[in-house]
Amino acid sequence: TKYKISIPAKFFLKNNPHFEKELIHFHACSLGEVKALKPIIEKLDEDVNITTTTNTGFEEAKKLCKSPKFLPFEIFLPFWYKKQKILVVLEAELWYMLFLSAKHKNIPTILINARINDKSYKTYKKYAFFYQYIFYLILFEYKANHFCPQLKTDNHSLMHSTNQGLSHFPMIVIL
């Protein structure tokens, strides 16, 4: 079946060991996000680690790195996640335990191509107490951290989606 490999890998860590090498770690959810990584990885001209959450993203990631992984269910991340050079997360993959695990392992983080639409804006506002802590983990823990929204309007929406807003974050970068 479609999920024969991904479900056991994510929920039981079957055939999904942690990364062996400390490299740049990219996390991209699906096929489109993994495809968006290709020009970045080609420019880097070095080995990278990639995690994904979908089967199609995983198949595409095989073309870009030697040993892609499925991102495990969040409860396993503190035990599974090993030290990496940096964590680069695409779009709206705001996995709390991923960012917390990176923080505890002193891994700088970058959120690139971040986006927010009208529907998700309402969700960010509703759960501002939760998202503001995720943004804190991304932006405040290391001087190298960056938040790179897709559009200036996404930056404005994200800045106003938490109770305190993101306007006090010093390192928001608009590319």
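Structure data summary
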quantity	calculated
Label point distance in nm, TYR3-GLU74, each placed 7 Å from Cα along Cα→Cβ	1.8 nm
Nitroxide proxy distance, nm - points 7 Å out along Cα→Cβ at HIS18 and PHE130	2.6 nm
Long-range HN-HN contacts of VAL88 with modeled amide H, under 5 Å	HIS25, PHE26, HIS27, ILE110
Relative contact order (percent, whole number), segment 23-107, Cα cutoff 8 Å, 6+ residue spacing	35 percent
Approximate spin-label separation ILE40-SER120, in nm, with each point projected 7 Å along Cα-to-Cβ	1.4 nm
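Throughout, read-outs are computed from the coordinates displayed, never taken from laboratory work. Note that the structure is a prediction, hence the values are computed from the model and not measured. A quick note on method: Cβ atoms are made from the backbone with ideal geometry, for glycine too, and the neighbour counts reach across all protein chains shown.
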